[in-house]
Amino acid sequence: MAKPLLKAIFPSLPGAKRGNPIVIGTCKDGDNIVYCNGRSVFIAPIDDPKSARVYSEHAVTATVAKISPNGNWCASGDVSGTIRIWDITQPNMTCKRKIQVLNGPIRDIAWCNDSQRIVAVGEGPGRFGHVFFAETGASIGSIDGPSHTLNSADFKRSKPHKIVAGSENREITVFKGPPFKFENTLRTHEKSSIHSIRYSPDGSMYASAGADKQVFLYDGETNENIGSFVEADGKAHNGSVYAVTWSPDGTKIATASADKTVIIWDVETRRVLKNFTFSSKLEDQQVGIIWTKKALVSISASGAINKLDLEQEQSRTVRTGHNKAITSLTLATSVDENLLYSADVDGHVIAWDLENGHSTRLSPDLHPSKITGLCCRKTQEQENIFSIGFDDQLCITPIITSAKETSTVIGDTVKHRLTQQPTGLSVSEDGRTSVVVCHNKIAILIESCDLRECELPFNTYGIAISPNGEFVAVGDQKQNVVVFKLIQENVKNDVKPIIEEDTSLELQGDCTAVEFSPDGNFLVVVTSKKQIMSIQHSFLGSNLCIRNKASGSCLTRKHKLITPIIR
């Protein structure tokens, strides 16, 4: 079997959480943003959702990544305190150096303007920061003085070189070098954590933002407090200020806050120029921000990426997606062949345009928690999404407007209660027959008839129904796939489904997903041994080994395989 050809990568959203700041980086040209989620680092173009690059060599959760000013290297840190420096000019992104800098999670990384020095700060125990040469890893002084976790740090971009760092106990510590040594401590913030601190592009000033809702401006040479940015009640925001960033020309700053706003300030007057207000939802807290040479981009607590229009105050482009594990995929009906729906462990469903990467999130959520199965079918000229979740429900939701429009509108959901927690879902091509696999049962729904359940003599995982509704394939936990024939008996104006075992196939690993091809001639089986098996009705097939473990799959009508990858 031919090796699959990678067409596009739709990147994960940043691994943002409500109440926690997230650090975003950019590249030399300013047309990409850099962020982390799980063990991966994403270099994502701001205007092209399809051409992201992914670095996945961290052994544990990655926390922050920054690209060097010369655009050749990326330094990324993780929860173990390790920094990896890797080459972004090469397709395979080879790691040049791996350095253990702290004994706890890295919170922030900054490069010197010559791309030779790096400072990393974070949690202890022991030290809370380290400055070193990128080429050799050798120390260039010490980040001594702070007695608490350092949340943020930055390099001064002009001589004499300095480093400023903000801590959890409201202290700003200044270091001068090289070699870098303690110079000063400032306590301008009230008794609360400093979330972000950044130098201006020319190094003449720096700004700090904290949990006390305040933003302060300092002289880059003398460290004198120039003043504060004031909007409401003597504060910059009505909630914690999670991030601050400078405009490329250094005349403005932008701040992101828990009060669900992003404010652009004039540096000279320290007054508001623009105020971007998001919705009242908690997931719209603004927890990160970066001002690149091309755009101003903020990050919501949901992970959504917001490109803010600097000309119009309330205009923005929002990129949605997933920041938790994807659990299921399904293609739209034949009319919208290039439309894909995906679901995750939080109960979110995202509609993706496979041509341009545009994405929209279905609202309200179809399930309150993890979705374990998703399928799209057109019945009686109405496109419906069939879904199952940890709420033990089979839901059928009509799509009123196409997800290719500005927003997706869904109709009222019809829900069917299951007696066990569902693990797999499949629907016939005409949408008449739905099959759900539970612990040791198959639940069958035929059109508007009552839901019927059939017990099985084994535990199950993964299910697929042939396009014509005649066969049902089920995977078990004993490395087998069992194919049943579905018989429908009419009993007093009702349909009683009966299943009879047709044949079975032994696998080389536990079955994680099964899927019939659109013409019904092939059955694709995904196993825990990192294999994808394409099987004809004679069950003669070939195995294809893939690099990463796959969970769930989706076959297009042109026999293309789409599968989420667990990294």
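The values are calculated or read from the model by the stated rules, or taken from the named source; none is laboratory data. All figures in this text were calculated on a predicted structure; none of them were measured in a lab. Note that each Cβ is placed from the backbone with ideal geometry, even for glycine, and that neighbours are counted across all protein chains shown. The area values use the complete protein model at the heavy-atom level, side chains included, leaving out ligands, DNA and RNA. Shrake-Rupley method; radii C 1.70, N 1.55, O 1.52, S 1.80 Å.
Values for this structure:
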read-out: Candidate aspartates and glutamates for bridging to Lys294, where Cα separation is under 16 Å - those fewer than 8 sequence places away on the same chain excluded; value: Asp29, Asp31, Asp47, Asp48, Asp249, Asp309, Glu311
read-out: Heavy-atom surface of the chain, accessible at 1.4 Å and reported per residue (Å²); value: 42
read-out: For peptides 317-328, 102-113, sequence by mean Cβ density within 10 Å, most packed first; value: 102-113, 317-328
read-out: Distance in nm between pseudo-label sites at Glu453 and Thr419 (7 Å out along the Cβ direction from Cα); value: 0.4
read-out: Pairwise FRET efficiency - Asn72 versus Val318, Cβ, R0 = 35 Å, nearest 0.05; value: 0.65
read-out: Cα-derived Rg over Rh, computed across segment 340-454 with Rh taken as Kirkwood radius; value: 0.96
read-out: Angstrom value of the Kirkwood radius, inverse mean 1/r, which spans all Cα pairs in the chain; value: 25.6
read-out: Using a Förster distance of 35 Å, the FRET efficiency for Glu283-Asn356 (Cβ separation, nearest 0.05); value: 0.90
read-out: Dimensions in Å of segment 132-208 - Rg and Dmax from alpha carbons; value: 12.4, 39
read-out: For Leu273, residues with placed amide H under 5 Å, excluding near neighbours; value: Ile264, Trp265, Asp266
read-out: Span from the segment 345-373 Cα centroid across to the segment 9-71 one, whole angstrom; value: 21
read-out: Where labels lie 7 Å past Cα in the beta-carbon direction, separation of Lys17 and Ile400 in nm; value: 3.6
read-out: Fraction of accessible area attributable to carbon and sulfur, segment 105-148 (%, probe 1.4 Å); value: 49
read-out: Listed residue pairs exceeding 23 Å between alpha carbons, taken from Lys98/Lys324; Lys98/Lys162; Lys370/Lys441; value: Lys98/Lys324; Lys98/Lys162
read-out: 5 angstrom amide H check on Gly220, placed H, neighbours 5+ away; value: Met205, Tyr206
read-out: Dipole of segment 249-406 [Lys/Arg +1, Asp/Glu -1 at C-beta], most positive-end residue of Gly321, Trp352, Ile385; value: Gly321
read-out: Estimated Rh, segment 257-339: Kirkwood, alpha-carbon pairs, angstrom; value: 14.7
read-out: For the chain, the longest site-free run once GluC sites (Glu not before Pro) in DSSP loop states with at most 12 other Cβ atoms within 10 Å are removed; value: 1-189
read-out: Farthest positive-ward along the chain dipole, Cα basis, beta-carbon charges - from Thr269, Ile67, Gln286; value: Ile67
read-out: Cα-centre dipole for the chain with unit charges at Cβ (Lys and Arg positive, Asp and Glu negative), debye to 20; value: 1640
read-out: Alpha carbon convex hull of segment 295-363, volume per residue in cubic angstrom; value: 112
read-out: Residue-span extension gain [Val345 to Lys98] - 0.36 nm each, minus C-alpha spacing; value: 85.7 nm
read-out: Among Tyr35, Trp111, Ser300 the positive-end extreme of the charge dipole of the chain (Cβ point charges); value: Trp111
